[in-house]
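Here's the structure we're looking at; comments come further down.
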Amino acid sequence: MRALRTQRPADGARRITQMALLTAIALTIFMAEAQIPVPIPIPGIKLGLANIVTVYAVFALGPGDALLILVARVFLGAVFSGQMMTLFYSLGGGLLCWLLLRLLTWKQIWLCSPISAVFHNLGQLLVAAALLGSWTVLAYLPYLVVAGAASGLFTGLCAQLLAGRLKGLGRR
C-alpha cells in the first residue's frame, strides 16, 4: 500500500499552507475592495481584485486547488460581509470562470482573465434570473461585458505579473 502513495507528508503540508495563504490573501483583498466606493452606478460592477489570486492559483497550483480557494473565499467573503445572497452570485460566476480557466495556458493568463470576467458576469446574471424568475436582468449584460472585460484585463495583467514574480512557488 505504501507504494501507491504519491505525495510525501511535507508536500501535503506545503500545498495546504499555500492554499491557506492564497485564500487569506484573496479574502483580504475582497474585503478591502468592498470598502472602496464604485464610481459607476451600475449594480455588479467592481474590479474583482481577489480574482487575481484565483487566476494565479489555477495556473500555479492546479484547477482543483484553485476551486477550493475560490469556494473558501466566496463563502468566507459572504459570511464576513454579512451578505449571504452574494454567495449565490459569486459562486455562479466563479464556477463558470473556473471552467474556462482550465482550458488556457500560463502565457494566456492576461487574456483569459477578461474572458473569465465576462463569463463571471454572465454567471451572475443567470443566477439572478433564476432567483428572480425573470430574464429582464440580462439587460445589464452589455454594460457588464464592457466593465468585466476592462476590469478582467487589469486583473489578468496583474496575475500575469504575479505569476512571473512568483516562479517556483507552485507547480507548473
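The values are calculated or read from the model by the stated rules, or taken from the named source; none is laboratory data. This is a predicted model, so every value here is computed, not measured. Every residue, glycine among them, receives a Cβ derived from its backbone with ideal geometry; neighbour counts consider all protein chains shown. When the accessible area is computed, the model is the full protein with side chains, heavy atoms only, and any ligands, DNA or RNA have been set aside. Shrake-Rupley method; radii C 1.70, N 1.55, O 1.52, S 1.80 Å.
How do 117-126, 32-41 rank on mean C-beta neighbours within 10 Å, highest first? Please report the intermediate quantities before stating the final value.
On the way: 117-126: 23.1, 32-41: 9.5.
Ranking the peptides 117-126, 32-41 by packing returns 117-126, 32-41.
Compactness ratio of the range 8-104: Cα Rg over 2.2 N^0.38 Å, N = residue count? Write out the running numbers ahead of the final one.
Working: Rg = 13.9 Å, N = 97, 2.2 N^0.38 = 12.5 Å.
With N residues counted in the range 8-104, Rg over 2.2 N^0.38 Å equals 1.11.
Mean silhouette area of the range 83-172, derived from the convex hull of its C-alpha atoms and averaged over all directions, reads 6.6 nm².
List the DSSP H helices in the chain whose Cα atoms stretch 18 Å or more along the helix axis and whose mean Kyte-Doolittle hydropathy is at least -1.0. Mind showing how you got there, number by number?
Details: long enough: 9-34 (37 Å, 0.79); 63-81 (26 Å, 1.69); 85-101 (24 Å, 1.70); 109-132 (34 Å, 1.58); 141-165 (34 Å, 1.26).
For the chain, where a helix must reach 18 Å along its axis and average at least -1.0, the hits are 9-34, 63-81, 85-101, 109-132, 141-165.
Solvent-accessible surface of the chain, averaged per residue with a 1.4 angstrom probe and all protein chains in place: 58 square angstrom. In the chain, taking the dipole from charged Cβ atoms about the Cα centre, the farthest positive-side position among Gly64, Phe80, Ala13 is held by Ala13.
Let me know the charge dipole size of the chain about its Cα centre in debye, to the nearest 20, where only the beta-carbon of Lys, Arg (+1) and Asp, Glu (-1) is charged. Don't jump to the answer; show the numbers that get you there.
Numbers: 13 positive and 3 negative charges, 173 e Å.
Magnitude of the dipole: close to 820 debye.
Taking all protein chains together and rolling a 1.4 Å probe, Asp65 ends up with roughly 20 Å² accessible.
The per residue volume of the convex hull around the alpha-carbon atoms of the chain is 132 Å³.
What part of the accessible area of the chain, given as a whole %, is carbon or sulfur when the probe is 1.4 angstrom?
Values: 7160 of 9980 Å².
Exposed carbon and sulfur together represent 72 percent of the surface.
Ellipticity at 222 nm from helices only: DSSP H runs of n ≥ 4 in the chain, each -39500 (n - 2.57), divided by the residue count, give -24000 deg cm²/dmol. Given their separation in residues at 0.36 nm each and the Cα-Cα distance between them, Thr28 and Leu132 gain 34.4 nm when the chain is fully extended.
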